[in-house]
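Working notes, structure below.
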Amino acid sequence: MTEPEDVEDVGEPRTDEEEFDIAVEPVVFFATPFLDTFFGERCSEFEAECECCKRWAAFDVLVENPFVEEPKAEIKAAAERLLEHANEGSAAELLAKHILAEGDDVPVTAEHVARHVSGKPTSTTSCR
C-alpha cells in the first residue's frame, strides 16, 4: 500500500505533557483576565472562605499539568521549605515529614506540595 502524496512527516509524536501544555494555553489566556475582573487578583494569604481564593485555587488545579514528572530533589526541597514554616503538630508539618520520609517514592509534584500543604496560592499578588 502506498502513502498518499499530501502526507507530511511530522516527526516524533508529542508527549502527553506537550499536548497538555498546548491545550491549556487558551484556557490560561482567557481565564486569567476573567478571574482578575470578576474575583480580583490572587490574595497574598489563602483563606478557605474567600471566594477569590477558592476560584484561583480551582484554576490552579485545572491548569496544573498532570503529566509533568518533577525531579524528586525539587519535591523534597519544597517539602523542606514548608517544614521550616509549618506550625508544630499541624497538618502541613505532618505531610511535609511524610513526604521527606517517602524517599524516592514521592507521589506528588512540588507545586502540589507547595499549594496544598501551605494552604496558599502559588502567586503572591494581593486582592484589590
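Side notes on the structure shown:
- If the chain linking residue 80 and residue 50 were pulled fully straight, counting 0.36 nm for each residue of separation and taking away their Cα-Cα distance, it would gain 8.0 nm.
- Principal axis extents of the C-alpha atoms in the range 6-98 (largest first, rounded to whole Å): 65, 38, 14.
- Extending 7 Å from Cα along the Cβ direction at residue 88 and again at residue 65 yields two label points whose distance is 4.1 nm.
- Ranked packing of 75-87, 43-55, 18-30, most packed first, by mean Cβ within 10 Å: 75-87, 43-55, 18-30
Read the figures in this text as sums done on the coordinates, not as results from a lab. Everything quoted here is computed from the prediction, not taken from an experiment. Positions of Cβ are backbone-derived with ideal geometry, glycine not excepted, and every protein chain shown enters the neighbour counts.
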